[in-house]
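The values are calculated or read from the model by the stated rules, or taken from the named source; none is laboratory data. The model shown is predicted, which means the values in this text are computed figures rather than measured ones. Note that each Cβ is placed from the backbone with ideal geometry, even for glycine, and that neighbours are counted across all protein chains shown.
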Amino acid sequence: MSGWTASALGDDLRGKRVLVTGSSRGIGAAVAAAFAGLGARVALHASASRAAGERLVAELSAGGADVRLLAGDFRRPSEVAAVVDGAVDALGGLDVLVNNAGTMVGRTPLAAMDDAFLDEVMDLNLRSVVVACRRALPALKAAGGGAIVNTVSISARTGGSPGSSVYSASKAFVATFTRSLAAELAPERIRVNAVSPGTIDTDFHGRYSTPEKLAATAARIPLGRLGTAEDCVGAYLFLASERLSGYVTGQTIEVNGGQLMP
């Protein structure tokens, strides 16, 4: 007889201790809300958008979810470590780490790129992931295993569009780091995977893409539209669930409406 029931996924994630970085808005907010809705205990993280994070925590708490908000500037390794430590302390351990914090910072061509810009993009998108994984490792080991899910980007495969070269390269680093870490941590029963969103209609593209560029992109996508944050949620839940993906590690799930077909 099948052990699958309508509540199987919710049962699998219920009570899990989850940190979602960069979760005050966009994809991170949708992912954090989904974990909370399935009964996980969730630490959200905000940086510049702390007010949005506070609103989300209030909304989820009002619905009975066990959530809390941590703040930290992920351009600073010490603050990354403090957020991870704060989540472990608040949740009493950690089962799932979702590394979602990061952004393009700006569309900057090579000729206009200075060292400060390069450092900021790399610290935010690359170094923060390494630091968060390193800091979370003792707690994940203490839990007897768990899952790390990193957010990469379609641009890690395509190279992105003009002005996004360093951002794209930083995401390619995270994709490779994901595969390497998956092999390294497999003996600890820690699975490491990634989600690679395509062009998702969030305020990320509101900041870095024109309406004309987005319309042209949507016209080229086989499913005929840009993605939404909710379109991405299922991939994160799948990779966090031991029942659904307990034999999946070192993989990247592309969520892009057919925009990229490897």
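Taking the stated definitions as given, is V195 surrounded by 14 or more Cβ atoms within 10 Å (Cβ to Cβ) and either part of a loop (DSSP other than H, G, I, E, B) or touching a Pro at 6+ places or on another chain (Cβ under 7 Å) (or both)?
So V195 fails the test.
Test each condition in (1) surrounded by fewer than 21 Cβ atoms within 10 Å (Cβ to Cβ); (2) of a type in the set (K, R); (3) in contact with a Leu (Cβ under 9 Å, 6 or more places away or on another chain) for R41 and report the one that comes out false.
(1)
Quick one: in region 218-247, of everything that is touching a Leu at 6+ places or on another chain (Cβ under 9 Å) and among the small types (G, A, S), which residue is farthest from D203 (Cα to Cα)?
Filtering first and then ranking leaves S245.
Does E188 fit the bill of being more than 25 Å from R76 (Cα to Cα), touching a residue at least 40 places away in the same chain (Cβ under 8 Å) and of a type in the set (D, E)?
Here the answer is yes, as E188 does meet what is asked.
Given the criterion at pLDDT 95 or above, surrounded by fewer than 16 Cβ atoms within 10 Å (Cβ to Cβ), among the aliphatic types (A, V, I, L, M) and on the phi < 0 side of the Ramachandran plot, identify the matching residue among A169, A183.
Just a single option satisfies the conditions, and that option is A183.
Does region 210-223 include one or more residues that are more than 24 Å from A112 (Cβ to Cβ), surrounded by 17 or more Cβ atoms within 10 Å (Cβ to Cβ) and in contact with a helix residue (DSSP H, G or I) (Cβ under 7 Å, 6 or more places away or on another chain)?
No: region 210-223 contains no residue that is more than 24 Å from A112 (Cβ to Cβ), surrounded by 17 or more Cβ atoms within 10 Å (Cβ to Cβ) and in contact with a helix residue (DSSP H, G or I) (Cβ under 7 Å, 6 or more places away or on another chain).
If a residue has to be without any contact (Cβ under 8 Å) to a residue 40 or more places away in the chain and either part of a helix (DSSP H, G or I) or of a type outside the set (F, W, Y) (or both) to count, how many in region 230-261 make the cut?
Selection size over region 230-261: 5.
Might you let me know whether region 92-108 holds any residue that is free of Cβ contacts under 8 Å to residues at least 24 places away in the same chain, surrounded by fewer than 22 Cβ atoms within 10 Å (Cβ to Cβ) and out of contact with any Phe, Trp or Tyr (no Cβ under 7 Å at 6 or more places or on another chain)? Give the derivation first.
Residues of region 92-108 that are free of Cβ contacts under 8 Å to residues at least 24 places away in the same chain, as a first pass: none.
So far as region 92-108 goes, no, none of its residues is free of Cβ contacts under 8 Å to residues at least 24 places away in the same chain, surrounded by fewer than 22 Cβ atoms within 10 Å (Cβ to Cβ) and out of contact with any Phe, Trp or Tyr (no Cβ under 7 Å at 6 or more places or on another chain).
Can you tell me which residue among P138, P162 is surrounded by fewer than 19 Cβ atoms within 10 Å (Cβ to Cβ) and part of a helix (DSSP H, G or I)?
Being surrounded by fewer than 19 Cβ atoms within 10 Å (Cβ to Cβ) and part of a helix (DSSP H, G or I) holds for just one of P138, P162, which is P138.
Which residue, of A194, A186, is in contact with a strand residue (DSSP E or B) (Cβ under 9 Å, 6 or more places away or on another chain), farther than 24 Å from V31 by Cα and small (G, A, S)? Outline the logic, then answer.
On the way: A194 fails: farther than 24 Å from V31 by Cα.
Just one listed residue meets the conditions, A186.
Regarding G28, is this residue in contact (Cβ under 8 Å) with a residue 12 or more places away in the chain and over 22 Å from R207 (Cβ atoms)?
No.
Can you work out which of the residues in region 1-29 that are closer than 15 Å to L239 by Cβ and hydrophobic (A, V, I, L, M, F, W, C) is surrounded by the fewest Cβ atoms within 10 Å (Cβ to Cβ)?
Checking each candidate, the answer is L9.
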